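Below: one structure, written as structure tokens.
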Amino acid sequence: MTDSPTIFERIIAREIPADIVFENDSIIAIRDIAPKAPVHLLVIPKTAKYANVSELATGDPALLAEVVHVARNLAIMHSNGEFRLIFNSGESAGQTVLHVHAHVLSGELHSGELAESSLAN
Ligand code: AMP
């Protein structure tokens with residue numbers, strides 16, 4: 001890729017620190033630095049090939065399924081197993097990091113608290 005690395009690539013490369021809660025060969029999961037819920041994790045495919053969930057679904061549906069599986073397991077480990085899974089897709093939809101990632105939100109969510117705009121930086 002010719003673009004400069006995103007913040008997530010730099011976290012995956014250990015160039016900047018993060019609170020890593022899960023990692024395997026294809027996925028890393030970290031705590032969001034600006035949590036919008038009692039539990040707010042990011043599940044991030046390591047590949048920088050896909051900017052958003054639509055590209056991931058087309059290019060590697062098995063990896064998308066793995067993202068969902070990891071999200072579920074993390075919600076069980078860090079909360080009560082119930083969670084909201086959000087993929088912001090596109091800058092006008094609140095996506096600030098153009099490297100596909102799922103927000104896993106859990107723990108005493110109240111309706112209205114997590115409007116899409118509240119997930120934008
Ligand atoms: P999005 O706005 O959907 O692209 O989500 C990007 C998310 O990354 C935001 O919720 C940010 O709070 C989060 N974020 C940005 N930088 C960091 C970082 N260094 N460590 C953890 N989370 C981060």
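The values are calculated or read from the model by the stated rules, or taken from the named source; none is laboratory data. Worth saying up front: this structure is predicted, and the values here are computed from it rather than measured. Please note: Cβ atoms are built from the backbone with ideal geometry, for glycine as well, and neighbour counts cover all protein chains shown. Please note that ligands, DNA and RNA were not included when accessible areas were found on the heavy atoms of the full protein model with its side chains. Shrake-Rupley method; radii C 1.70, N 1.55, O 1.52, S 1.80 Å.
Among all positions in region 11-18, there is at least one residue which is near the ligand (Cβ under 8 Å from one of its atoms) and surrounded by 14 or more Cβ atoms within 10 Å (Cβ to Cβ).
The C-beta contact set for region 1-25 (first residue within 24 Å of A75 (Cα to Cα), second residue open to solvent by 80 Å² or more (accessible area, probe 1.4 Å), distance under 7 angstrom, 6+ apart or interchain) comprises D19/R31; V21/R31. The set of residues in region 19-30 that are in a strand (DSSP E or B) and either among the small types (G, A, S) or open to solvent by less than 30 Å² (accessible area, probe 1.4 Å) (or both) comprises I27, I28, A29, I30. So, P5, is that one farther than 17 Å from A102 by Cβ, surrounded by 14 or more Cβ atoms within 10 Å (Cβ to Cβ) and within 14 Å of the ligand (Cβ to nearest atom) or not? Yes; evaluated as a whole, the condition is true for this residue. With V39, V43 as the choices, which residue is over 18 Å from L98 (Cβ atoms) and of a type in the set (A, V, I, L, M)? When all the criteria are applied, what remains is V39. Is it true that K36 is within 11 Å of the ligand (Cβ to nearest atom), among the basic types (K, R) and either without any contact (Cβ under 8 Å) to a residue 40 or more places away in the chain or part of a loop (DSSP other than H, G, I, E, B) (or both)? So K36 passes the test. In the set L64, L41, only one residue is away from the ligand (no atom under 13 Å from the Cβ) and either open to solvent by less than 50 Å² (accessible area, probe 1.4 Å) or not in a strand (DSSP E or B) (or both); that residue is L64. Of everything listed in (1) open to solvent by less than 50 Å² (accessible area, probe 1.4 Å); (2) more than 9 Å from the ligand (Cβ to nearest atom); (3) over 17 Å from A34 (Cα atoms), the single unmet condition for G107 is (3).
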